[in-house]
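Q: Structure provided below as structure tokens; questions to follow.
The values are calculated or read from the model by the stated rules, or taken from the named source; none is laboratory data. Keep in mind that what you see is a predicted model, and the values were worked out from it rather than measured. Reconstructed Cβ throughout: ideal geometry from the backbone, glycine too, with neighbour counts over all protein chains shown. Heads up: the accessible areas ignore ligands, DNA and RNA and are worked out on the full protein's heavy atoms, side chains in. Shrake-Rupley method; radii C 1.70, N 1.55, O 1.52, S 1.80 Å.
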Amino acid sequence: MNALQNFFLTLLGPDGKASELTLLHISLRAFFIFVVGLALVRIGDRRSLSEKTAFDAIFIVLIGSMLSRAINGTAPFFITIAAGIVLMVIHRACAFGACKSHAFGKLLKGKPVTLVRNGKIDHAEMRRSLVSEHDLEEDLRLEAKTEDVSTIAFARLERSGDISFIKQKN
């Protein structure tokens, strides 16, 4: 066991002593963490890469922040990888729970909010959601390809933060 520890100490440098790490140590740490991080995200959930909800964005930020500490030597290398695996398992378990339970999914990821009904803007919902009329107009032009809100049957602020539009039937 001591020989293995000495091998990794020589290869990766000491943990908790960032000033003693050489360029080679940091480069090797970065390579290994890149491979581990890629595996964690691929095993974890493809959708987490798209950061479509706060739930997914938090996972990506936490994984990146934590694994970076293993690269710069401020956290123990293998313990940090183990903690990254734990985060991935938590993310997968929560995603599985949200898939199986609509109520848990709403708790975890939020729920969509209707901003426009039958061509009429719901100003109270827009205020609660902190969406300005300018934001709605911009998305109306970019997503619905129109400037006329009266042509919209429904506009919803989705859990991802995007606004989706369903046009009125002619």
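Q: Would you check if there is a residue in segment 71-78 being surrounded by 11 or more Cβ atoms within 10 Å (Cβ to Cβ), among the aliphatic types (A, V, I, L, M) and at pLDDT 90 or above?
A: Checking segment 71-78: at least one residue is surrounded by 11 or more Cβ atoms within 10 Å (Cβ to Cβ), among the aliphatic types (A, V, I, L, M) and at pLDDT 90 or above.
Q: Does segment 157-165 include one or more residues that are under 25 Å from the mean Cα position of the chain (by Cα), within 30 Å of Ile33 (Cα to Cα) and open to solvent by 40 Å² or more (accessible area, probe 1.4 Å)?
A: Yes, that holds for at least one residue.
Q: Across segment 86-135, what is the number of residues that are of a type in the set (Lys, Arg) and surrounded by 13 or more Cβ atoms within 10 Å (Cβ to Cβ)?
A: 4
Q: Looking at (1) touching a helix residue (DSSP H, G or I) at 6+ places or on another chain (Cβ under 9 Å); (2) open to solvent by 70 Å² or more (accessible area, probe 1.4 Å), which is the one condition that is false for Gly64?
A: If we test Gly64 against (1) touching a helix residue (DSSP H, G or I) at 6+ places or on another chain (Cβ under 9 Å); (2) open to solvent by 70 Å² or more (accessible area, probe 1.4 Å), just (2) comes out false.
Q: Going through segment 10-36 one residue at a time, which ones are open to solvent by 90 Å² or more (accessible area, probe 1.4 Å), in a helix (DSSP H, G or I) and within 18 Å of Ala75 (Cβ to Cβ)?
A: We begin by selecting, within segment 10-36, every residue open to solvent by 90 Å² or more (accessible area, probe 1.4 Å); these are 10, 17, 19-20, 23-24, 31, 34.
Going one step further and asking which of them are in a helix (DSSP H, G or I), we end up with 10, 19-20, 23-24, 31, 34.
Of everything in segment 10-36, those that are open to solvent by 90 Å² or more (accessible area, probe 1.4 Å), in a helix (DSSP H, G or I) and within 18 Å of Ala75 (Cβ to Cβ) turn out to be Ser19, Glu20, Phe31, Phe34.
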